[in-house]
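Below is one structure, written out as structure tokens, with a few remarks after it.
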Amino acid sequence: VGATLADWQKKREEEARRKAEAQEEKRANTEKRWGQKKAEDAVRQRWAVEKAAEEMAQSRTADSLRWAGLASVAQAQQAQDKAAFDHRMGEHTGEQDKVDAWKGQQADAARWAGLAAMEKNKEKANSGGGKPLAIPVSNDEPKWWEKITNAAVDAWQSTKTIVSDAFIATGNGISAIYKAGRQQTTDFLNVTKNQALGFWNDTKTTFSDLGETIKKSSADSSKSLIATFGEIPNYVTTGLNNFFSYQYDYHGPVHPPTVTPASQLLMPLPGISPTSPKDYILKNYQITQYPPQWPSRNECVTTATIQDMNMMQDILSSKFGVPQLHHMDLPTFTNALDGQPLWALRPPANVPIIGGMLPPQSATAVLEGHSMWLRETYGYGYTVKLTSYNTVDDLIENLQNGYPTSLHISQSVDLHTDWRAIIGGAPHTVTLAGYDSNTDHWLILDPANSSSYTEWSTPELMDKWGRQFLFYPPRFAMTTLIPDSMDASP
């Protein structure tokens, strides 16, 4: 159900994203066209002014050259007239005739030179030596068919963008929760609060009434059970306690790890301080499940999941050069999750009784979604394994390999004061941080204890880890995150 809902949500998010991007591109294209039109109008006006100035300069040049040509022709004509006059008035001797013939030849040559110069200057004036206009000056509005053509082109561009985006990786559905701190968490599911308001407003009254009914019924049942157990003779209640202990407690052997490290073994996280590694892990990865005024007391699995995610992001960043992503906290992560109809995974924190409950099986689906987004965005992710019937040697192996690990445990309760003894005790999930072979103590990042490590001896660990809670995976369950290998990139 969780996987189906995740796929459905992802499709909704992809469709919403494509529509938003198409609208944004259409708006950008419209602004771009108006900007281009304004720029072209400005260019046309500038070219018109330049053309007018250029044509005026060309006209002046042509007039000057034309008058220069005419002056040359006039000079040639004067030279010819003078030669003819000299010929008529001079002494018509053989020598004079030769002189006259020579003068006539010179006049003809001057006249033809003047005409050639005038034609050349005319051609030069017509060309003007100026550059032609690249775009003709026109203030005409586009014709109706041009407008239809432009609209069709714009529609095709938008359609092409949508179709292209449809074939891009779909990991954006759980995206930017890992891009920039708190904004990354919101993008983790690629949907805002506003996108889920319709669903929430339509169903919140029904769920609120249902929650109140469950709360009242549960409270009445609890009071009735406690009152009933209080009225039952003590030996009967003790007998029931013994029965449930026999049913749910671990009764097998308890042994320290067979592969014992030299001394203290801690998660080999990137950037860990060699001088105070315990303090470094506690300071950078411990998250509380009880933020101020938080409405739910059921966030242990959610908080441990976030601790593991933060560790894995740093591991991938160090191992493969994935960009350093900001660590998440409980409010940031759950505020994004609460804004969506994902009741099959985790009810919102403000829902009575069951708010904030994220079963280990649903946490696996969330972690796989996180890994899918990392792999599609940066090329590397990790594998999620939820297993049962593990041993303390498996925990040592995970620590040595640097695999973030969550332990799913159950804590013993007494039937006189807590009816959950009937279903296996109080369930809880923690993150494994290290092991001290000198003291046989396991170092635990406990979401219920944000100020320091929780330390359990091996018998204490086996007692809590081996107790069977009715709605958890079988005994000795843990969730292991295994980073991709170097050859696993796409």
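Filter region 297-327 down to the residues that are at pLDDT 90 or above and touching a Lys or Arg at 6+ places or on another chain (Cβ under 8 Å) and list them by number.
Once the filter is applied, which keeps residues that are at pLDDT 90 or above and touching a Lys or Arg at 6+ places or on another chain (Cβ under 8 Å), region 297-327 yields only Thr302.
Take Pro292 and tell me if it is over 25 Å from Ser457 (Cα atoms) and surrounded by 12 or more Cβ atoms within 10 Å (Cβ to Cβ). Outline the logic, then answer.
Details: over 25 Å from Ser457 (Cα atoms): yes; surrounded by 12 or more Cβ atoms within 10 Å (Cβ to Cβ): no.
No: the conditions fail for Pro292.
Any residue in region 240-267 that is among the acidic types (Asp, Glu) sitting within a Cβ distance under 6 Å of a residue that is modelled with pLDDT of 85 or more? List the pairs, counting only those 6 or more apart or interchain.
So the pair list comes out as Asp249/Arg467.
Within region 462-478, take every residue that is within 36 Å of the chain's Cα centre (by Cα) and surrounded by fewer than 21 Cβ atoms within 10 Å (Cβ to Cβ) and give me the one that is farthest from Glu299 (Cα to Cα).
Per the stated criteria, the residue is Pro473.
Kindly establish whether Ile287 is outside any helix (DSSP H, G or I), closer than 27 Å to Arg375 by Cβ, in contact (Cβ under 8 Å) with a residue 60 or more places away in the chain and not small (Gly, Ala, Ser). Steps first, answer last, please.
Details: outside any helix (DSSP H, G or I): yes; closer than 27 Å to Arg375 by Cβ: yes; in contact (Cβ under 8 Å) with a residue 60 or more places away in the chain: yes; not small (Gly, Ala, Ser): yes.
The answer is yes for Ile287.
Just one of Thr439, Thr383, Thr391 is under 20 Å from Tyr250 (Cα atoms), out of contact with any helix residue (DSSP H, G or I) (no Cβ under 6 Å at 6 or more places or on another chain), of a type in the set (S, T, N, Q) and surrounded by fewer than 18 Cβ atoms within 10 Å (Cβ to Cβ); which is it? Lay out the reasoning, then the answer.
Working: Thr439 fails: under 20 Å from Tyr250 (Cα atoms); Thr383 fails: under 20 Å from Tyr250 (Cα atoms).
Sole residue among the options that is under 20 Å from Tyr250 (Cα atoms), out of contact with any helix residue (DSSP H, G or I) (no Cβ under 6 Å at 6 or more places or on another chain), of a type in the set (S, T, N, Q) and surrounded by fewer than 18 Cβ atoms within 10 Å (Cβ to Cβ): Thr391.
Any residue at all in region 264-281 that's farther than 18 Å from Asn401 by Cα and modelled with pLDDT of 90 or more?
For region 264-281, residues farther than 18 Å from Asn401 by Cα and modelled with pLDDT of 90 or more: present.
Only residues that are assigned to a loop (DSSP other than H, G, I, E, B) and surrounded by fewer than 16 Cβ atoms within 10 Å (Cβ to Cβ): list them for region 449-461, please.
Asn449, Ser450, Ser451, Ser452, listed by residue number.
Given the conditions (1) closer than 23 Å to Ile272 by Cβ; (2) in contact (Cβ under 8 Å) with a residue 60 or more places away in the chain; (3) within 19 Å of the chain's Cα centre (by Cα); (4) buried (at least 19 other Cβ atoms within 10 Å of the Cβ), report the number of the one that Asp308 does not fulfil.
With (1) closer than 23 Å to Ile272 by Cβ; (2) in contact (Cβ under 8 Å) with a residue 60 or more places away in the chain; (3) within 19 Å of the chain's Cα centre (by Cα); (4) buried (at least 19 other Cβ atoms within 10 Å of the Cβ) applied to Asp308, the lone miss is (3).
The values are calculated or read from the model by the stated rules, or taken from the named source; none is laboratory data. Predicted, not measured: the structure shown is a model, and the values here were computed from it. Cβ sites come from the backbone with ideal geometry, for glycine too, and all protein chains shown count toward neighbours.
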